[in-house]
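What follows is one structure encoded as structure tokens, with my remarks underneath.
The values are calculated or read from the model by the stated rules, or taken from the named source; none is laboratory data. It should be emphasised that the depicted structure is a prediction, and the values quoted were computed from it without experimental measurement. When we count neighbours, we look across all protein chains shown, and the Cβ atoms used for this are built from the backbone with ideal geometry, even at glycine.
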Amino acid sequence: MTPARPSTPGAHAPGLRALDARADQPLLEASGVSLGYAERTVLSDVNFTIRQGEYWFFLGPNGAGKSTLLRSILGGIPARSGLIRRRPDIASPDRLGYVPQRCELNPTLPTTMREFVSLGLAGIRGAEPGRLAWALERANLRGMERRDYWSLSGGQRQRAMLARALIRRPALFIVDEPTTGLDPPSADLLMRSIDELHTAERLTTIFVTHDLPLAAKHATHVALFLEGTIHAGPADQVLVPPLLERAYGLPIELHLHHHTDERSAP
């Protein structure tokens, strides 16, 4: 488990800095981070280290700070104290893939799958040919580029949102409660798409959810939000009854389906 480390006053200004792009460097690292809005502190003393190929789940009750930390990782909220470091290859938004909870596209606008997924290329110049086909393939949507986006099922639309993020060829892939509202077959297909990406591409993934059994089945690492901070580390060290009871206020015991070292090994 990542131990809590006090921030060193004056060592770094709050904000975002790049790490050396070496294979042994963390992809994303937080040290002594405090986050909040106006006069309210939401999270304090946040520490974690995310490395290439890991599959992280962010878990915790409503209002515990998951969205706040996610916004900070995406660059939307500066740290009040401490430091969030990115490896240089993800210092640019070009290498971040983000799947939000909802699609804000105007439903009255006729949109093909090709057009919708290609929206993910915004801000990227000189994208190589073949990205669209690759993204649709990875989202289990091969051959659907001419389909009307609004004619798709809920599960297909959610996988289209995966493809829209994947077309950026991200080094860090962030999905925010993607299975919410899906029926079991659609949720299962979505999870298989994300699992295949993680296995085949060693795509580092952050998955935000309230679904504890889902985390127990898939996660290599977990950030559990409780008491104004997080406990972060390998899933088998965080998804333990004492911490889960502190977070949720009732006894919880989970069966982990995967060994941590099997899911993140190179």
Exercise for the section: List every residue pair whose Cβ atoms lie under 7 Å apart, where the two residues are 6 or more positions apart in sequence or sit on different chains, the first residue falls within the stretch 224-240 and is under 12 Å from PRO61 (Cα atoms), and the second residue, located anywhere, is part of a loop (DSSP other than H, G, I, E, B). Expected result: LEU224/GLY60; PHE225/GLY60; PHE225/ALA64; PHE225/GLY65; LEU226/GLY60; LEU226/ALA64
Problem - Every residue from the stretch 25-43 that is within 24 Å of TYR55 (Cα to Cα), touching a residue at least 60 places away in the same chain (Cβ under 8 Å) and either in a strand (DSSP E or B) or of a type in the set (Lys, Arg) (or both) - result: LEU28, LEU43
Handout entry: Residue check, ARG169 within 19 Å of LEU27 (Cα to Cα) and touching a Phe, Trp or Tyr at 6+ places or on another chain (Cβ under 9 Å)
Key = yes
Exercise for the section: Look at THR205 and say whether it is among the hydroxyl-bearing types (Ser, Thr, Tyr), within 23 Å of LEU69 (Cβ to Cβ) and surrounded by fewer than 21 Cβ atoms within 10 Å (Cβ to Cβ). Expected result: no
Practice task
Can you work out which of the residues in the stretch 210-266 that are β-branched (Val, Ile, Thr) and farther than 22 Å from GLN52 by Cβ is modelled with the lowest pLDDT?
Solution key: ILE252
Problem - the stretch 95-130 - residue that is basic (Lys, Arg) and out of contact with any helix residue (DSSP H, G or I) (no Cβ under 7 Å at 6 or more places or on another chain) and, of those, farthest from MET161 (Cα to Cα) - result: ARG125
Exercise for the section: Hey, could you check the stretch 59-72 for residues that are touching a residue at least 40 places away in the same chain (Cβ under 8 Å) and touching a Leu at 6+ places or on another chain (Cβ under 7 Å) and say which is surrounded by the most Cβ atoms within 10 Å (Cβ to Cβ)? Expected result: LEU59
Practice task
With respect to ASN106, determine if the residue is assigned to a loop (DSSP other than H, G, I, E, B) and either modelled with pLDDT of 90 or more or among the small types (Gly, Ala, Ser) (or both).
Solution key: no
Practice task
Could you list all residues from the stretch 136-145 that are outside any helix (DSSP H, G or I) and either under 19 Å from GLY53 (Cα atoms) or touching a helix residue (DSSP H, G or I) at 6+ places or on another chain (Cβ under 7 Å) (or both)?
Solution key: ALA139, ASN140, LEU141, ARG142, MET144, GLU145
Handout entry: Any chance ILE206 is more than 29 Å from GLY82 (Cα to Cα) and β-branched (Val, Ile, Thr)
Key = no
Completion exercise
Scanning the stretch 2-38 residue by residue, those at pLDDT below 85, surrounded by fewer than 14 Cβ atoms within 10 Å (Cβ to Cβ) and of a type outside the set (Lys, Arg) turn out to be PRO3, PRO6, THR8, PRO9, GLY10, ALA11, ALA13, GLY15, ASP20, ALA21, ALA23, ASP24
Handout entry: Any hit, the stretch 78-97, residues being buried (at least 21 other Cβ atoms within 10 Å of the Cβ) and touching a Phe, Trp or Tyr at 6+ places or on another chain (Cβ under 7 Å)
Key = yes
Practice task
Go through ASN62, ASN47 for me and flag whichever is at pLDDT 95 or above and either closer than 22 Å to ALA219 by Cα or polar (S, T, N, Q) (or both).
Solution key: ASN47
Exercise for the section: Kindly indicate the residue of the stretch 109-135 that is in a loop (DSSP other than H, G, I, E, B) and within 21 Å of the chain's Cα centre (by Cα) and also modelled with the lowest pLDDT among those meeting that condition. Expected result: GLY123
Handout entry: helices (runs of 4 or more DSSP H) contained entirely in the stretch 147-266, each with at least 1 residues that are closer than 30 Å to PRO110 by Cβ and touching a strand residue (DSSP E or B) at 6+ places or on another chain (Cβ under 9 Å)
Key = 154-166, 184-201
